[in-house]
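See structure below.
What follows is calculated from the coordinates using simple rules that are stated; it is not laboratory data. Bear in mind the structure is a predicted one, so any value in this text is a computation, not a measurement. Backbone-built Cβ (ideal geometry, glycine too); neighbour counts: all protein chains shown.
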Amino acid sequence: MDFERHFCEALDALRDAGDYRVFADLERHRGAFPRATDHGTGRDVTVWCSNDYLGMGQHPDVLAAMHGAIDRVGAGAGGTRNISGTTHAHVALEGELADLHGKEAALLFTSGYVSNWAALGTLAARIPGCVVLSDAKNHASMIEGIRHSRAQKVIWRHNDLADLEAKLDALPAETPKLIAFESVYSMDGDIAPLEGICDLAERYGALTYLDEVHAVGLYGPRGGGVAEARGLMDRIDVIEGTLGKAFGVMGGYIAASAALCDFVRSFASGFIFTTALPPAVAAGACASVRHLKTSEAERAAHQATVAEVRARLDAAGIPHVANPSHIIPVMVGDPVKCRYISDVLMRDHGIYIQPINYPTVPKGTERLRITPSPVHGPADIDRLIDALSVLWTQCELARRPMAAQ
Ligand code: PMP
């Protein structure tokens, strides 16, 4: 086989479809979120698509904790968690995360992706006869974990309680069932009916596995996520989160009962056979979690900016998905126009919004996923709306009248 030719042809097909991914070559600036330099255009840009939702990746407490840890203990963990890589920073962070979610224990992984893949995959594989009921829009990391487990999977219609109930009902009563779902869905920003899912899980004796990756740090009085905000943490068996988005650093985790965490710790190859996170990363994440447990300021300012951006998009007639979260999907519906708008925003306006195309979202729903932060100011918002407005007209995209929204 001509391997090189195969690679090039596959990439050309992506380019032809407008789905080829181009990464911005960014340099973030310490303490200056959301500014960065784009080395592709040589421009200083304002980032409008970061998952560092609160700018905690530049927070002085987080940076100080990381510098302090490097000065005290050095760079890497030096091993897997099993063999010399469990440092005090990891233990402290797991304690902090268990407390955040009101659980007996927590278990750290190298990323949110790995935590879903390893924890969900291990539970599904090692609970004999387990059937996983997976929301249709679950993240790739959960899908891959379930696939890898080889457990039977039943997909229920996205956020549809009636469909979940029908699918639970169709399974034998004695079958062990695991319901896997997210709170805030990353591309549409909609939120699952958590309470109804808990009710069904209790009625059918199912284990619940909730991905709160896009919610931890952001919702709930201590940043425990949507489950905390809705008083449901004790009704959900496994809460999975990331330290790489609102907490601004890196890493993933589950929080659950001591026995469940010990079970995953003991059987999950994605936990056991990989080097532990650097202690400085754990220390930085720990500082971030601690800060957001007591500080409401970032969450309040974040929600205020989100509301302002939505109102300004409405006033300009630029269509965006109405949802109750902080994620603002501006719908373009065409991969080539989506990329074009993103390119011109970067090149001519110093605004960086990565286009979201297939396969991340279904074809025909290509979008700009805008993620405001507490530190995007009024002038940033003016520039964003003005630039989008000009490009909307230029690309002959439909506007929505206010009344239709
Ligand atoms: N779950 C969801 C819903 C996600 O959107 C993501 C990342 N985009 C992950 C898990 C993986 O988290 P991480 O980036 O920490 O690997």
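Numbers for the structure displayed
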{"quantity": "Rounded tilt (10° steps) of 297-316 against the dominant C-alpha axis of the chain", "calculated": "40 degrees"}
{"quantity": "Ordering of 339-348, 232-241, 130-139 by packing [mean C-beta count within 10 Å, highest first]", "calculated": "232-241, 130-139, 339-348"}
{"quantity": "Stokes-Einstein D (µm²/s) once Rh is taken as the Kirkwood radius of segment 36-85 over alpha-carbon pairs, at 20 °C in 1.002 mPa s", "calculated": "153 µm²/s"}
{"quantity": "In order through segment 230-236: 3J(HN,Hα) via Karplus (6.51 cos²θ - 1.76 cosθ + 1.60), integer Hz, x for Gly, Pro", "calculated": "9, x, 10, 4, 6, 9, 10"}
{"quantity": "Under-5 Å amide H pairs with ASP237, H placed in peptide plane, nonlocal only", "calculated": "THR208"}
{"quantity": "Nearest-ten-degree value, helix 258-267 long axis tilted from longest Cα axis of the chain", "calculated": "80 degrees"}
{"quantity": "Volume per residue that the Cα convex hull of the chain spans, once the total is divided by residue count, Å³", "calculated": "163 Å³"}
{"quantity": "Amide proton proximity set for ARG400, modelled H, under 5 Å, gap of 5+", "calculated": "ILE318"}
{"quantity": "Among GLN152, GLN354, GLN58, residue whose mean-square fluctuation peaks in a GNM of the chain (springs only between Cα atoms under 10 Å)", "calculated": "GLN152"}
{"quantity": "Lys pairs, the chain - Cα-Cα below 24 angstrom, 8 or more residues apart or on other chains", "calculated": "13"}
{"quantity": "Binned Cα-Cα distance frequencies in segment 1-117 - 5 Å width, integer %", "calculated": "2, 8, 10, 13, 15, 15, 13, 10, 9, 6, 1, 0"}
{"quantity": "Hypothetical label at ALA311: residues of segment 351-368 whose amide nitrogen lies under 18 Å (7 Å Cα-Cβ projection)", "calculated": "none"}
{"quantity": "Top positive-direction residue, dipole computed over the chain with Cβ charges, set ALA316, ALA227, VAL375", "calculated": "VAL375"}
{"quantity": "Per-residue ³J(HN,Hα) for segment 370-387, Karplus 6.51 cos²θ - 1.76 cosθ + 1.60, θ = phi - 60°, Hz, x for Gly and Pro", "calculated": "9, 10, x, 10, x, 10, 7, x, x, 5, 4, 5, 4, 5, 5, 5, 4, 5"}
{"quantity": "Rounded to the nearest 20 debye, dipole of segment 92-211 from Cβ charges on Lys, Arg, Asp, Glu", "calculated": "600 debye"}
{"quantity": "Using a Förster distance of 22 Å, the FRET efficiency for ILE83-ALA258 (Cβ separation, nearest 0.05)", "calculated": "0.45"}
{"quantity": "Amide H partners (placed H, <5 Å) of THR274, local residues excluded", "calculated": "ARG81"}
{"quantity": "Gyration tensor (Cα) of segment 254-388, equivalent ellipsoid semi-axes in angstrom", "calculated": "36, 21, 15"}
{"quantity": "Segment 189-195 - phi-based ³J(HN,Hα) in whole Hz, Karplus 6.51/-1.76/1.60, Gly and Pro as x", "calculated": "x, 7, 10, 5, x, 4, 5"}
{"quantity": "Stretch gain in nm, segment THR41-LEU63, where the contour uses 0.36 nm per residue and the Cα spacing is subtracted", "calculated": "5.1 nm"}
{"quantity": "Simple Cβ-charge dipole of the chain, Lys/Arg +1 and Asp/Glu -1, about Cα centre, in debye nearest 20", "calculated": "220 debye"}
{"quantity": "Cβ-defined net charge surrounding VAL184, 15 Å radius [Lys, Arg +1; Asp, Glu -1]", "calculated": "-3"}
{"quantity": "Scaled radius of gyration (Cα, divided by 2.2 N^0.38 Å) that segment 174-222 gives", "calculated": "1.27"}
{"quantity": "Between helix 335-349 and the chain: long-axis angle, C-alpha atoms, 0 to 90°, nearest 10", "calculated": "70 degrees"}
{"quantity": "Per-peptide average of other Cβ atoms within 10 Å, ordering 373-384, 325-336, 180-191 highest first", "calculated": "180-191, 325-336, 373-384"}
{"quantity": "Mean Cβ neighbour count within 10 Å, used as a protection proxy, ranking 291-303, 117-129 highest first", "calculated": "117-129, 291-303"}
